[in-house]
1. Among the candidates B:LEU180, B:LEU190, B:LEU210, B:LEU228, which residue alone is open to solvent by 30 Å² or more (accessible area, probe 1.4 Å) and touching a residue at least 12 places away in the same chain (Cβ under 8 Å)?
2. Restricted to region A:173-213, and to residues that are touching a helix residue (DSSP H, G or I) at 6+ places or on another chain (Cβ under 8 Å) and either hydroxyl-bearing (Ser, Thr, Tyr) or within 14 Å of chain B (Cβ to nearest Cβ) (or both), which residue is farthest from ligand 1 (Cβ to nearest atom)?
3. Among B:ILE73, B:ILE56, B:ILE77, which is modelled with pLDDT of 90 or more and either assigned by TED's automatic domain parsing to the domain that holds B:ASN286 or more than 25 Å from the chain's Cα centre (by Cα) (or both)?
4. Can you work out which of the residues in region A:61-88 that are more than 13 Å from chain B (Cβ to nearest Cβ) and open to solvent by less than 10 Å² (accessible area, probe 1.4 Å) is nearest to A:ILE160 (Cα to Cα)?
5. Within region A:14-38, count every residue that is away from ligand 2 (no atom under 14 Å from the Cβ) and either closer than 30 Å to A:ASP190 by Cα or open to solvent by less than 10 Å² (accessible area, probe 1.4 Å) (or both).
6. Taking region B:313-365 as the search range and keeping residues that are open to solvent by less than 70 Å² (accessible area, probe 1.4 Å) and within 16 Å of ligand 1 (Cβ to nearest atom), which one is farthest from the other protein chains (Cβ to nearest Cβ)?
7. Would you call A:ALA75 within 18 Å of B:GLU270 (Cα to Cα), free of Cβ contacts under 8 Å to residues at least 60 places away in the same chain and not β-branched (Val, Ile, Thr)?
8. Which residue is nearest to A:ALA104 (Cα to Cα), if the candidates are limited to region A:134-151 and must be within 14 Å of chain B (Cβ to nearest Cβ) and exposed (fewer than 15 other Cβ atoms within 10 Å of the Cβ)?
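The values are calculated or read from the model by the stated rules, or taken from the named source; none is laboratory data. Since we're looking at a predicted model, the values are computed, not measured. Ideal geometry is used to build each Cβ from the backbone, glycine not excepted, and the neighbour counts take in all protein chains shown. Only protein heavy atoms, including side chains, enter the accessible area calculation; ligands, DNA and RNA are left aside. Shrake-Rupley method; radii C 1.70, N 1.55, O 1.52, S 1.80 Å.
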Amino acid sequence: MSETVIQIEGLRKVFRVGKVDVEALRGVDFEVLQGEFVSIVGPSGSGKSTLFHVIGGLTPPTAGTVRVLNYDLAALTDAGRTNLRKTAVGFVFQKFNLLPTLTAADNIAIARHIAGRDHIAEDPEFRKVLDLLGITHRLHHKPAALSGGEQQRVAIARAIVNHPAILLADEPTGNLDSQNSQAVLSVLRDLNERIGQTILMITHNPEAAAYGHRLVNMRDGRIVQ
Amino acid sequence: MINKLVLENLKQRPIRTSLSILLIGVPVTLILTLVGLSEGTLEDSARRQRGVGADIVIRPRGSSFMALSSAPIPEGIVKMLSQEPHITAVSGTVIQALSGLNSITGVDLESFSRISGGFRFIEGGPFRGPDDIIVDQFYAAQNNLHAGGRVGGILNREWRVAGIIEGGKLARLMLPIRVLQDATGNTGKLSQIYVKVDRPANIDAVVASLRAKLEGYPIYSMEELLSLISVNNVPLLSGFIDVVVGIGIIIGFAVVFLSMYTSVLQRTREIGILKSLGASRWYVLNIVLREATLLAVGGTVLGILLSFATKWVIAEMVPASLTQKIVLPWWPIAGLIALCGSLLGGLYPGYQAASQDPIEALAYE
Ligand SMILES: Nc1ncnc2c1ncn2[C@@H]1O[C@H](COP(=O)(O)OP(=O)(O)OP(=O)(O)O)[C@@H](O)[C@H]1O
Ligand SMILES: [Mg+2]
C-alpha cells in the first residue's frame, strides 16, 4: 500500500485584489499517493496553478486542511514553507525559469546550495537522472544557448536534484513544440517509472495529459467528477 | 555558489556595474586626496620647521601653534633672550599670509644662519637689496623663476629673485625682515622667534625658565611643536574631513541604493525562482548585500588608484602650494566608509527583494 503524500480537504484560497476578493479555490478535496503521476486539466482561471502554489508552499491556504508529507500547511509559518520548498517539493514552470546568468550546471548547483546539500559531492542517483534527461553534454551552456526543450529538461533536473517527494510541473510543455514536448513528457514518465518520482502535472493538452495515470479536472476553483 | 551568482549578475550589466563603481570611487578619492593633502602639506611645513634647526620656538601671546600673519612680539625680546644662559643663537622672523595656503617670511639671514647653518643656494645667493626675494626650488619650478629674474604679484609689487634655495628649510618665500616688517606695518614686531640652545640636555630647563620670564607667550621645544602639527589639531581641517567623509557615505548609499533598487526590480523573476527553490529571506538579502559589498570593494580600489592620479597631477601642477601624501592608514578607513554607504544602500532593496511574493514574480510577467 502506498503512502499518502498529499491530503487536502476543503481547501479555499482567496486573493484580495484591492477591495475585491478573488476566490481562486472554493473547496478542493484531493489526495495523492506516493509514486503517482497525476495530470490536472481545466479551463484557464480554474485555479490549477493556485492549487500548486498552495501545495508547494508558495502561498498559505485561506481555509481547509492541507497536508504535504508531514507538513500541516495551514499551520506553517513563512520560514516553515521555505523549508518545505527546499526539501519536499520541486517546481517546473511553463516559462523555463532558469537563472539566465548561470550555466545549466550552476542552475542545478544553486538548488543544491539553497538546500544546503552542495557539500555532498557525489550523487550517483542524480547522475542517472541527468543521463535519462539527456542533457549531460549541455550542462556548461547558459540557458540562452539551449533549446526550449533542453532548458525545460534542465529545469526538471534542477527541480529534482534535491530528491523532493513531489514534483509539481505547471504546464511544462506549454512553450514547447510537439517534438520537444514529447521529449519532456517521456522524461517525466521515465522519472516516474524508474525512480518512482511522484509527479503532478498541469496541462492544457489532452495528449500530454494522457501521460499521467490519473486525470483530475478542475473548474471554477473546484475539482469536478 | 552565491558569489558566482553575484559575480555573474555584475558581469551581466557591465555599464551599471562600472558606473556604480566609478560613483563609489569618486568620494573615496575625494577622501584620500583631502586627507593626503592635509597630511602632506602639514608634514611639509613641519619638515621646514625642523629644517630650521632651532631648539625652541616662541610664538606671539594668545596665538596657537598654527596661526600665521600676526607679528605682535616686540623685537626687544631678541636682545633679552640672547643674554640668557645656555642660549647660543636667537633669530626672529615675520610671517605674512598670502593668498591660499601660501605665506611669506621675513628673515634676518645673519642671525638665522647662526641657528640653521644658513641656506643652500641652488642658484644666486643672499639678499643684496630691499627689492630682493629668496624662493625655494619648488616655488621656482612652479613659477619658472631663475636667479636675477623678476617675480610679481607678491604683496602687490615686483621683486628681484636674489637666490633659489634647496627646499625644506623655514619657508618657500623669504624677504629681508625689515622689508617685510615695514611693508606690513609691523615695524619692530616679530611673529616667531627661533632659539638655539648649547646642549640638547638643557632644552627643557631653558624652556621652563623662559616660560617663567615671558609670561603668556606660547613657548615650545621644537619636538613639542612638531608633535602638535597634525590634522587633528587643526580644527578647520578635521571638520572639513568629517564633512567629506559624511558626503562619501551619503554618495555610496545613494549610488548603491539606486543601483540595487533598479536591479532588484529588474530581477523580480530571478528572485521568484530562487524563492521557489526554497531560498530564505536571508539568502536573498545576502545576495543583494554581497553585490553591494563587491561594488564597494571595486569603488575603493578605483578610488585608491585615482588618488595616485590626483597626487601625480598635484605634484606636476602645483608642487609649491600643495603636497599630497599617499595615506595608507586611510585606505581601510575609506574602504569602510564606502562599505558602510553601500551596505546601507543595499539594505532596503535587499529587504524589498527578500520579502517579494514569489507567486507574483512567477505567475505574472
Ligand atoms: N496572486 C494572485 N492575486 C490575485 N488573483 C490571483 C492570483 N493568482 C491567481 N489569481 C486568480 O485566481 C484565479 C485562478 O488562477 P490560476 O492561476 O490558479 O488559474 P489557472 O487554472 O492556473 O489558469 P491558467 O490555465 O490560465 O494558468 C484566477 O481568477 C486568477 O486571476
Ligand atoms: Mg496556471
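1. Every option except B:LEU228 fails the conditions.
2. So, considering only residues that are touching a helix residue (DSSP H, G or I) at 6+ places or on another chain (Cβ under 8 Å) and either hydroxyl-bearing (Ser, Thr, Tyr) or within 14 Å of chain B (Cβ to nearest Cβ) (or both), the one farthest from ligand 1 (Cβ to nearest atom) is A:THR198.
3. Sole residue among the options that is modelled with pLDDT of 90 or more and either assigned by TED's automatic domain parsing to the domain that holds B:ASN286 or more than 25 Å from the chain's Cα centre (by Cα) (or both): B:ILE56.
4. Among them, the one singled out is A:VAL68.
5. Of the residues in region A:14-38, 11 are away from ligand 2 (no atom under 14 Å from the Cβ) and either closer than 30 Å to A:ASP190 by Cα or open to solvent by less than 10 Å² (accessible area, probe 1.4 Å) (or both).
6. B:GLN356
7. No; evaluated as a whole, the condition is false for this residue.
8. Checking each candidate, the answer is A:HIS140.
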